[in-house]
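Here the structure comes first, spelled out in structure tokens, and everything after it is commentary.
The values are calculated or read from the model by the stated rules, or taken from the named source; none is laboratory data. This is a predicted model, so every value here is computed, not measured. Positions of Cβ are backbone-derived with ideal geometry, glycine not excepted, and every protein chain shown enters the neighbour counts.
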Amino acid sequence: MSLRERSILSLQDLTLDETEQLLTRAAGFREDGIAPTLAGRRVCGLFFNPSLRTRTSLEIAARSLGAQSLCYDVGGMWPLELEDGAVMDGDKIEHVRDAIGKFLSGVVDLIGVRSFPDLGRPYAEAGADALVQAVEEAAEVPVLNLESTLFHPMQGLADLFTLRNHLEGDPSDHTIALTWAYHPKPLPMAVTNTALLAFCRAGYRVRLVHPSGFDLDPDVMACAQELGGDRLSRHTDMDEGLRGARVIYAKSWASHASYGNLEEDARQRALHKDWIVNEERQAAADPGAFMHCLPVRRNVVVSDSVLDGPHSWVAEQARSRVLVQAAVLHEVLA
Amino acid sequence: MSLRERSILSLQDLTLDETEQLLTRAAGFREDGIAPTLAGRRVCGLFFNPSLRTRTSLEIAARSLGAQSLCYDVGGMWPLELEDGAVMDGDKIEHVRDAIGKFLSGVVDLIGVRSFPDLGRPYAEAGADALVQAVEEAAEVPVLNLESTLFHPMQGLADLFTLRNHLEGDPSDHTIALTWAYHPKPLPMAVTNTALLAFCRAGYRVRLVHPSGFDLDPDVMACAQELGGDRLSRHTDMDEGLRGARVIYAKSWASHASYGNLEEDARQRALHKDWIVNEERQAAADPGAFMHCLPVRRNVVVSDSVLDGPHSWVAEQARSRVLVQAAVLHEVLA
Amino acid sequence: MSLRERSILSLQDLTLDETEQLLTRAAGFREDGIAPTLAGRRVCGLFFNPSLRTRTSLEIAARSLGAQSLCYDVGGMWPLELEDGAVMDGDKIEHVRDAIGKFLSGVVDLIGVRSFPDLGRPYAEAGADALVQAVEEAAEVPVLNLESTLFHPMQGLADLFTLRNHLEGDPSDHTIALTWAYHPKPLPMAVTNTALLAFCRAGYRVRLVHPSGFDLDPDVMACAQELGGDRLSRHTDMDEGLRGARVIYAKSWASHASYGNLEEDARQRALHKDWIVNEERQAAADPGAFMHCLPVRRNVVVSDSVLDGPHSWVAEQARSRVLVQAAVLHEVLA
């Protein structure tokens, strides 16, 4: 089974072997550099939301492989219609079937799409991954999800790559605490969802740690429980959840219960300002290697001492974004 | 006569032979791919209005030819003074003679410019093609019009290319209905003007179809009548205009009469919501192959069934933008 | 002493020999073209303020050298925290140590940064060169200042390059009048500061000419006086300051005294609308070759006749931005 010409909207689209194939390729690129295997190919990134890390990684990866990189900020300027049969007399100026299907996917070899939810709208209206899925359906070429409402598979690969670099032996010997942390604003859940499912499926022992009221999407949780079985545990006390953990993966996210209600979300999260990964909590872990996808609020989500300390894997995690992105492009297009 | 180092602000700048030379080159690129004949050359696109299709085409064409592509969104941030002798104590921050003449055209090999009219201002103040012409006058290098108030020659070449791919023999044996269609907002006329003049000059039988009150610029019409002679007819009834046509080219545009008066334009266009290219009208054509430059409002300008039907040339038309753009860059710079 | 892997935040970071090395390299590129000595290298430009000339120069220089160029407009979208130990619960979304240190400087080979002051805030709060310096401290790779509150070294190199192309023999035989001119808005002082220090240090005879109340930063002036000694003179009368000068370098800037007080600045500058470099003043110079960094307000800062006249070096000055930028990238990275 090959990844050639395949779309990746979620890591669930890949078998464990295929994930392994990508991580092995990324490791090869780290050793030997990235060779120009994609000369003459064209990679297009459409960013409906701002991005620096993901965009930079895509551009560097594509160009290092010798491909053309065409990245565009299309937020605001390009409201796409997704519905079949829509009578387009409103504010949508183009249908995804035309923009992507008739035009773009006929002139490039791969399309990446980033599209966040509007966190001020109810979860049911946030569109799940409607835009990314519609682009994939309309396109004649492979599509990569560069972060949607639900998933962020390129980040998930960088996370797995970082874990694999450090944790040897049976994954179930290693405990990862995937923990919510305080942040002044509600954030998307894509990174958390992706990490939770990926870590469970890879066989790690996973602790999902968050205050009550900050549950994830029920479908994602059901999937995680199926994948993780009794290797997955849940904790609503941060100290308990982090104690003894090999790895602490921190990430803030919106309250699912009050999603779309910014006032209620603010009230809920304000109750948990003490949810910070600090030196004391890391000292109670074993050794509590620290991971975060960045950007991160220092001394709010994590203390300087942990983020810059000897057990921080954050720089490696961020920089490996380029390697896994190049691995994906190579395996899909070369 | 060579196209080398020539500017193209309108297809009227080209002889029929030169147009043919470009279309032949585009066909060659379709067959053989685009070879890197422009290594070390630099192509700069200045977009005073948003663009995805035109910008993508320019970037892909330039890079596929081996040139550097430098495309910038300069709308809003860069109000250029165009008047000679102006005392620049207002809101214009730079004169076109300095930005383009003294600087940009000294460091790149070709400049493309897109600059739409403000449809909320009277037609006489919309500046016609003042900006594009001023850039061409100031520049020491060739300038391409990437869509101005009056013309969109790169789209026009893609349109001619598409027609040439399908219509054989004497052009005057083929009837093209160039028709207005309903759209909730006033749109520029550049695509229509360009297509009208290009189709007339190429020798096709052309029907210009629009509701009364939606006339085009009188100078453009005079030119069309001279080029088209008795092969050009005008129709204010959509059914009549489309009946029996080999090709239906749809495009909405602003009311020239009420240009700059958004309220009056809205009132005028609302009277013609039934101006849609649908299955019934296509059935009365012969066979009414459908063309549109995109983006298009589905089920407003054209029905899904026509746009996605067997006689739709829209995908080919859009994708050929890259081929004709590459042909232009090659002929002008190689 | 080599420039390899060195940051350049100010021309004061360079010895005179190193400056000479860069100008010689730029002259070589002008003669022989720019060869691709940086294949596989990655250059990233972060523009917290708009730029066309500087960005274009960086992109052309990087690509002509064979490097990847990654330039991003990050103004507004990316408020970086600079303070060590900050508790980031406000509007700053990422710390410079993470964005630049942990991520970006691990995946690119050089970072350029442009960050202007907010001219509506008091000078003490304008942050001097805090952002550029913080980026340099956080980065593991060389950092170039692409214009900060205090300095614009890439412009300064282009200015020195232009002077060197025209002025032979002992620099102290040549008088450069660096003069303020009227402009309807307050502008940053980085170009003036850079030119003043660079011209003094290079040994030219420099006249600093501005209305009283438009003094520069006292630290910059102290440095200029040390570098220039009795070759530096100050003038508050434009006619006197320009009389007999070999070169007239014009630039408007904000009132230091009323910095951050837009109303008072407007009142002050309105008193000096007659500060324009015109034909009459040039006629009294010898010959008063005209320089300006662009963009320039025609017939406000300088008359058309001077800007477009036989003694205007402005086009050469602007176009040499690409050459000196390429020289810097080559010497730092090759």
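Quick notes
- Taken over the range C:77-98, the residue count meeting the criterion of being of a type in the set (A, V, I, L, M, F, W, C) and either touching a residue at least 60 places away in the same chain (Cβ under 8 Å) or more than 7 Å from chain A (Cβ to nearest Cβ) (or both) is 3.
- Residue within the range A:295-306 that is out of contact with any Asp or Glu (no Cβ under 8 Å at 6 or more places or on another chain) and surrounded by fewer than 15 Cβ atoms within 10 Å (Cβ to Cβ) present: no
- Only listed residue being crowded, with 22+ Cβ neighbours inside 10 Å and over 25 Å from C:Ser320 (Cβ atoms), chosen from B:Arg6, B:Arg121, B:Arg114, B:Arg30: B:Arg114
- Positions within the range A:207-223 being under 17 Å from the mean Cα position of the chain (by Cα) and assigned to a strand (DSSP E or B), in sequence order: A:Leu208
- Figure legend. Inter-residue proximity from the range C:48-63: first residues at the interface with chain B (Cβ under 7 Å from one of its Cβ atoms) and in contact (Cβ under 8 Å) with a residue 60 or more places away in the chain, second residues charged (D, E, K, R) and not in a helix (DSSP H, G or I), beta-carbon distance below 8 Å, spacing 6+ or different chains. Indicated pairs: C:Ile60/B:Arg42.
- Filter result for C:Gly203 (touching an Asp or Glu at 6+ places or on another chain (Cβ under 8 Å) and of a type outside the set (Phe, Trp, Tyr)): yes
- Look at (1) at positive phi; (2) crowded, with 24+ Cβ neighbours inside 10 Å; (3) not β-branched (Val, Ile, Thr) and you find that B:Ser320 fails only one, number (1).
- For A:Val143, the conditions (1) in contact with a Lys or Arg (Cβ under 7 Å, 6 or more places away or on another chain); (2) more than 11 Å from chain B (Cβ to nearest Cβ); (3) aliphatic (A, V, I, L, M) all hold with the exception of (1).
- Checking each residue in the range C:224-248 for being over 23 Å from C:Pro188 (Cβ atoms) and assigned to a loop (DSSP other than H, G, I, E, B) picks out C:Asp237, C:Arg243, C:Gly244, C:Ala245, C:Arg246.
Residue by residue, here is whether (1) touching a Phe, Trp or Tyr at 6+ places or on another chain (Cβ under 6 Å); (2) without any contact (Cβ under 8 Å) to a residue 12 or more places away in the chain; (3) farther than 20 Å from A:Ser305 by Cα; (4) of a type in the set (S, T, N, Q) holds:
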residue: A:Phe214; (1), (2), (3), (4): yes, no, yes, no
residue: A:Cys223; (1), (2), (3), (4): no, no, yes, no
residue: A:Leu227; (1), (2), (3), (4): no, no, yes, no
residue: A:Ser233; (1), (2), (3), (4): no, no, yes, yes
residue: A:Arg243; (1), (2), (3), (4): no, no, no, no
residue: A:Ser255; (1), (2), (3), (4): yes, no, yes, yes
residue: A:Ser258; (1), (2), (3), (4): no, no, yes, yes
residue: A:His272; (1), (2), (3), (4): yes, no, yes, no
residue: A:Asn278; (1), (2), (3), (4): no, no, no, yes
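- Of the residues making up the range C:29-46, those that are touching a strand residue (DSSP E or B) at 6+ places or on another chain (Cβ under 9 Å) and farther than 13 Å from C:Leu329 by Cβ are C:Gly40, C:Leu46.
- Residue match in the range A:249-266 (condition: part of a strand (DSSP E or B), surrounded by fewer than 20 Cβ atoms within 10 Å (Cβ to Cβ), in contact with a helix residue (DSSP H, G or I) (Cβ under 8 Å, 6 or more places away or on another chain) and assigned by TED's automatic domain parsing to the domain that holds A:Gly213): no
- C:Val314 passes every criterion in (1) more than 26 Å from C:Asp173 (Cβ to Cβ); (2) out of contact with any Ser or Thr (no Cβ under 6 Å at 6 or more places or on another chain) apart from (1).
- Within the range B:230-254, being of a type outside the set (D, E, K, R) and either closer than 12 Å to B:Arg207 by Cβ or touching a Gly at 6+ places or on another chain (Cβ under 7 Å) (or both) holds for B:Leu232, B:Ser233, B:His235, B:Thr236, B:Met238, B:Gly241, B:Leu242, B:Gly244, B:Ala245, B:Val247, B:Ile248, B:Tyr249.
- Filter pass, A:Ala158 being closer than 25 Å to A:Ala128 by Cβ and either in the same structural domain as A:Gly28 (by TED's automatic domain parsing) or under 14 Å from the mean Cα position of the chain (by Cα) (or both): yes
- Of the residues examined, C:Val206 is one that is touching a residue at least 24 places away in the same chain (Cβ under 8 Å), closer than 15 Å to C:Asp286 by Cα and in contact with a Cys (Cβ under 9 Å, 6 or more places away or on another chain).
- Within the range A:289-299, the set of residues being within 7 Å of chain C (Cβ to nearest Cβ) and either in contact with a Phe, Trp or Tyr (Cβ under 7 Å, 6 or more places away or on another chain) or modelled with pLDDT under 95 (or both) comprises A:Leu294 only.
- Qualifying positions in the range B:22-52 - farther than 22 Å from B:Gln68 by Cβ and either more than 19 Å from the chain's Cα centre (by Cα) or of a type in the set (Ser, Thr, Tyr) (or both): B:Thr24, B:Ala27, B:Gly28, B:Arg30, B:Glu31, B:Asp32
- Contacts under 6 angstrom Cβ, first residue in the range B:300-317 being in contact (Cβ under 8 Å) with a residue 12 or more places away in the chain and at the interface with another protein chain (Cβ under 9 Å from one of its Cβ atoms), partner aliphatic (A, V, I, L, M) and part of a loop (DSSP other than H, G, I, E, B), 6 or more apart: B:Val300/A:Met88; B:Val301/B:Ala181
- Qualifying position, being touching a strand residue (DSSP E or B) at 6+ places or on another chain (Cβ under 7 Å) and either farther than 30 Å from B:Ser252 by Cβ or without any contact (Cβ under 8 Å) to a residue 12 or more places away in the chain (or both), among A:Leu119, A:Leu150, A:Leu144: A:Leu144
- Selection status of A:Leu227, crowded, with 24+ Cβ neighbours inside 10 Å and touching a Leu at 6+ places or on another chain (Cβ under 8 Å): no
- Boolean, C:His272 is in the same structural domain as C:His166 (by TED's automatic domain parsing), in a loop (DSSP other than H, G, I, E, B) and at pLDDT below 95: no
- On the stretch given as the range B:113-136, residues that are out of contact with any helix residue (DSSP H, G or I) (no Cβ under 6 Å at 6 or more places or on another chain) and among the small types (Gly, Ala, Ser) total 5.
- Top-ranked residue of the range B:101-118 - restricted to ones that are under 15 Å from B:Asp129 (Cβ atoms) and not aromatic (Phe, Trp, Tyr), ranked as nearest to the other protein chains (Cβ to nearest Cβ): B:Ile111
- Selection status of A:Val332, of a type outside the set (Lys, Arg) and either out of contact with any Pro (no Cβ under 7 Å at 6 or more places or on another chain) or within 14 Å of chain C (Cβ to nearest Cβ) (or both): no
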